[in-house]
Amino acid sequence: PIISLVMGKGGVQDLSFTIGQTVFPIGGFLQAVIDFILVAFVLFMIVRTMNKIMKKKEAVKPPAPTPEDILLLREIRDSLKK
């Protein structure tokens, strides 16, 4: 609808050009390209928003407790330093 206001026609679907007696209807192709770009933009915005939400969830997650074997190795290291 916005494009039809600018172009003064019924829309992109009706666009065509003529070379000699041959008519090339490019309106359908242009409409498909515009639809693809709009859908791709909406999907991009959805994925971008979801990534931001996931990063916030990861930032809130507390760090995992240190495994017992690592704690024992640290104790051994500290006792050898003395």
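Has segment 59-69 got any residue that is outside any loop (DSSP other than H, G, I, E, B), surrounded by 10 or more Cβ atoms within 10 Å (Cβ to Cβ) and out of contact with any strand residue (DSSP E or B) (no Cβ under 8 Å at 6 or more places or on another chain)?
We begin by selecting, within segment 59-69, every residue outside any loop (DSSP other than H, G, I, E, B); these are 59-60, 68-69.
Still in the list and also surrounded by 10 or more Cβ atoms within 10 Å (Cβ to Cβ): none.
No, the conditions are met nowhere in segment 59-69.
What about Leu38, is it over 34 Å from the mean Cα position of the chain (by Cα), surrounded by 10 or more Cβ atoms within 10 Å (Cβ to Cβ) and not in a loop (DSSP other than H, G, I, E, B)? Explain how you work it out, then say what you get.
Numbers: over 34 Å from the mean Cα position of the chain (by Cα): no; surrounded by 10 or more Cβ atoms within 10 Å (Cβ to Cβ): yes; not in a loop (DSSP other than H, G, I, E, B): yes.
Here the answer is no, as Leu38 does not meet what is asked.
For residues that are closer than 30 Å to Asp14 by Cα and acidic (Asp, Glu), tally how many sit in segment 26-82.
Count: 1.
Restricting to segment 5-48, give me the number of residues that are modelled with pLDDT under 90, out of contact with any helix residue (DSSP H, G or I) (no Cβ under 8 Å at 6 or more places or on another chain) and of a type in the set (Val, Ile, Thr).
Count: 7.
The values are calculated or read from the model by the stated rules, or taken from the named source; none is laboratory data. Computed from a prediction, not measured in an experiment: that's the story for all the values here. Counting neighbours? That spans all protein chains shown, and the Cβs are built from the backbone with ideal geometry, glycine included.
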